[in-house]
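The values are calculated or read from the model by the stated rules, or taken from the named source; none is laboratory data. Quantities reported herein were computed from a predicted structural model and do not represent experimental measurements. Heads up, the Cβs are rebuilt from the backbone with ideal geometry, glycines too, and the neighbour counts pull from every protein chain shown. Note: areas computed on protein heavy atoms with side chains; ligands, DNA, RNA excluded. Shrake-Rupley method; radii C 1.70, N 1.55, O 1.52, S 1.80 Å.
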Amino acid sequence: MYHYDKYDHQMLADRVAQFRDQTDRYLDGKLSDAEFLPLRLQNGLYVQRMAPMLRIAVPYGLLSSTQLRKLAYIAREYDKGYGHFTTRQNIQFNWPALEDVPDLLADLAEVEMHAIQTSGNCIRNTTTDQFAGVAADELEDSRPWCEIIRQWSTFHPEFAYLPRKFKIAVCGTKVDQAATQVHDIGIYLIEGPERQVGFRILAGGGLGRTPMIGQTVFEFVEKPDLLTALEAILRVYNREGRRDNKYKARIKILVKELGIEAFRKKACAEWERIKGGPQTLTDQEIERCKSYFVDPPYDDLPDAPDTLTSALKENLLFASWYSQNVRPHRKTGYGIVTLCFKETGVAPGDITDRQLDYLAELADHYSFGEVRITHEQNIVLADVRQDQLFELWRKLSAASLATANLNLMTDIICCPGGDFCALANAKSIPIAESIQREFPSQEELTDIGELDINISGCMNACGHHHVGNIGILGVDKKGEEFYQLSLGGSSKHDASLGKIIGPAFAQEEIPSVIRRIVDVYREHRQEGEAFLATYRRIGMDPFKEKVYAKAD
Amino acid sequence: MQRLIKNGELVNDPWTLLREATGPEILKIVPGKNFIVPLRFWKLYRSDMDDYAGAFGIWLDSQETVGDIGEEMHKFPVIALNFPVFSDGRAYTNARELREFYKYEGEVRAIGDVLRDQLFYMMRCGFDAFEIRHDQEPEACLKAFADFQTGYQASIDQPQPLFRRR
């Protein structure tokens, strides 16, 4: 992973000192609430329902065991002993006191971490595929590119006061794990006309109140031109994005109002002015960033060693976990393990200080000291020897981390919701829990197969409900919490937005409604057909009929 | 009290900012001043300005763009860019455009809601004069230019991005 040099360290130290001074001035009454607001937000600090909430950046989801241990320490020292992994590969703490935050940031800086630009109307943490660098279907590792974008976007003086927040995702794999098309800018690594690798750049995707799929601005961008192309898009947006209405301020609205053709024309005109300028990447810089993401010292090992195959035959629980949670690795003899943190009764994404420490230990022992956070709020050990999988699984089982529901319907994406978040209309965590309780049988879950359920507590859509195969949105009706369901969303390469099925439901109806939806799917599915494919084939009507049928 | 920072120092302001778009009669009432006038004033009363004894600068509001002045900008010794609120970031782009594309070499002044905590980024985008808001402590503001020792990106104060320097 990337390591800071003296420049990175210096900038981070400067930032901590700056924020300490700003916090002091705020506490002294020299900075008003309104003036402190964007300053604290650009340091990840919200003032929430119960206490401040601090969002810490995990650049493109990568964490070392040293960083995990520091996060565990922070959970203990500054919080009530736990943190929350978000849908944008970051981690949040819900209980730090405002006056302690500068110290907390100084602690983080020791392990090359920070909360810079994790909130506010600026360029946020760049996200990517959690399997970057190890996926078997990868064109090129996206992480060096994320790091290049991270550095360019960090403290960018021109784009710190954009009309609204701005999120960038990069994807280098065939299966899009990064929800690339619903970002303000989505970047795909692709092969160009002469088979050279470059980028296709999309803009205008997003969720929230007005969900949209991104459209292509630049069909093919050569590697050295990446930053100037991004800068051109940002400049058009900074100048022309709407500032009169917060709900119409995202770039997706600008792209929609101008039309993609007109937007592209403006972006191209800006690009022409800066293309080839100093911001053009040098081979040396590209190589420098790539040098941090080389293979760890793998051993030469065969695929499917005896220790694995015999354990798979003898232990059905292990076999079930293996088939659901272990993916093929680019390197023979290794596997990619996803630890699913979606145990029934625990809020999706929540993790205790002990679990963080334990993860660090597992990472050191089994995966070269690194883990990755996924936008589905799970954790990946990316480089596990196949002959150690069984041993790892036994340890995970003992620690209740071996839930074998990855990508199954109880692997729910969920925002913190009304229990924690000041913006939420409705609770979301108890909804996730009620669905998990409705489907306790592993056998049944495996039979139902891949089904993404996404839950958001309000239309800000932090739980990405629009792109869930089943999306659930909390709405407020005259002070009561109701839930609106949509079907058919997807965040993959075939991205689509879900369609609302009909009138909203009360909280207690949700488990039985989900049950009926699943019943319709099982009734209509063809051999090997996942939920989304069946829905796309048969459409909304059969689901609607069953869900709203009067009880006999 | 001095409220203008130029090249890192507090200085007296030789300019008078004409905030409101008044008519050209102002030029008759106060002769021999140095005025910074709104863009619209210049567009409407150019001939009156030609006959005036004092000097002129122009100020742009945040929804106006540098392209609205065009190449004639070079004859103005100062161009001021307004921040109606500090969180409106359009003037940063205007400042960069002045310096980067038009190679404007006069004074680029920040006016309006100009606060201590935004000065550093303003400087990086090409502002070299700052008319700070009435309640800002001038001494504290002077420190803002040292908030960071360097930055990653190419900028007006450092045209080479860090990756070409490290």
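Below is a table of values for the structure above.
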read-out: Estimated vicinal HN-Hα couplings, Hz - the stretch A:174-181 in sequence order (Karplus 6.51, -1.76, 1.60; Gly, Pro = x); value: 5, 8, 6, 9, 10, 6, 4, 7
read-out: Modelled FRET efficiency - R0 30 Å, A:ASN245 with A:ILE190, Cβ distances, 0.05 increments; value: 0.30
read-out: Of A:ILE286, A:THR216, A:LEU226, farthest towards positive along the dipole that unit charges on Lys, Arg, Asp, Glu beta carbons give the stretch A:127-290; value: A:THR216
read-out: Cut-off of 10 Å, at most 11 other beta carbons, DSSP loop: longest stretch of chain A lacking such GluC sites (Glu not before Pro); value: A:195-526
read-out: Point-charge dipole on Cβ atoms (K/R +1, D/E -1) for the stretch A:422-547, about Cα centre, debye to 20; value: 400 debye
read-out: Computed over the stretch A:127-290, Cα set: Rg, Dmax in Å; value: 15.2, 46
read-out: Spin-label pair A:GLU438/B:ASP48, simplified geometry with 7 Å Cα→Cβ offset, distance in nm; value: 7.2 nm
read-out: Residues of the protein assembly as shown: accessible area per residue with a 1.4 Å probe, Å²; value: 39 Å²
read-out: In sequence order, calculated HN-Hα J values of the stretch A:58-72 (Karplus, 6.51, -1.76, 1.60; Hz; x Gly/Pro); value: 10, x, 6, x, 8, 9, 8, 5, 4, 5, 4, 5, 5, 5, 4
read-out: Kirkwood-type radius of the stretch B:4-164, with distances r between different C-alpha atoms, in Å; value: 16.4 Å
read-out: Förster radius 60 Å - calculated FRET efficiency between A:GLU527 and A:ALA269 (Cβ-Cβ, nearest 0.05); value: 0.70
read-out: Residues with amide H under 5 Å from that of A:ASN43, placed H, sequence gap 5 or more; value: A:GLN117
read-out: Cα-based shape type of the stretch B:1-90, given that a ≥ b ≥ c are square roots of the gyration tensor eigenvalues and the cut on a/c is 1.5; value: oblate
read-out: Surrounding net charge for B:ARG166, when Lys and Arg each add one and Asp and Glu each subtract one, Cβ distance under 12 Å; value: +1
read-out: Long-range HN-HN contacts of A:ILE56 with modeled amide H, under 5 Å; value: A:ILE91, A:GLN92, A:PHE93
read-out: Protein accessible area in the stretch A:1-104, 1.4 Å probe - carbon and sulfur %; value: 50 percent
read-out: FRET efficiency, 1/(1 + (r/R0)^6) with R0 22 Å, evaluated for A:ALA136 and A:LEU301 via beta carbons; value: 0.90
read-out: Signed unit charges on C-beta, dipole axis of the stretch A:306-398, positive-most listed residue A:ASN378, A:PRO328, A:PHE341; value: A:PRO328
read-out: Part-to-part distance (alpha-carbon centres) for the stretch A:1-64 and the stretch A:203-240, which is given in Å; value: 26 Å
read-out: Residues of the stretch A:220-261 buried by at least 40 Å² on assembly (accessible area, 1.4 Å probe, chain alone as reference); value: A:ARG235, A:ARG239, A:ARG243
read-out: Gain in span if fully extended, A:ARG76 to A:ILE500, counting 0.36 nm per residue against the direct Cα distance; value: 148.4 nm
read-out: The stretch B:79-126 - percent relative contact order, Cα under 8 Å, separation 6 or more; value: 52 percent
read-out: Value of Rg/Rh across the stretch A:1-117 [Cα atoms, Kirkwood radius]; value: 0.95
read-out: Pair B:ARG133, A:SER397: separation of 7 Å Cα→Cβ label points (nm); value: 6.2 nm
read-out: Most to least accessible of A:HIS9, A:HIS466, A:HIS156 (protein chains only, probe 1.4 Å); value: A:HIS9, A:HIS466, A:HIS156
read-out: The stretch A:202-237 residues near the modelled A:GLU450 label - backbone nitrogen below 12 Å, point 7 Å along Cα→Cβ; value: none
read-out: Contact order relative to length of chain A, as percent, for alpha carbon pairs under 8 angstrom and 6 or more apart; value: 12 percent
read-out: Directionally averaged projected area (convex hull, Cα atoms, the stretch A:178-217), nm²; value: 2.8 nm²
read-out: Over the stretch A:306-398: Kirkwood hydrodynamic radius from C-alpha pairwise inverse distances, Å; value: 13.7 Å
read-out: Test item: Cα-centred dipole of the protein assembly as shown, Lys/Arg +1 and Asp/Glu -1 on Cβ, debye; value: 1500 debye
read-out: Accessible area (Å², 1.4 Å probe, nearest 10) - A:LEU312; value: 40 Å²
read-out: When the convex hull of its Cα atoms is projected in every direction, mean area for chain A (nm²); value: 26.3 nm²
read-out: Top positive-direction residue, dipole computed over chain B with Cβ charges, set B:ILE132, B:PRO161, B:GLY70; value: B:PRO161
read-out: Simple label model, 7 Å out from Cα along Cβ direction - B:VAL85 to B:THR16, nm; value: 3.2 nm
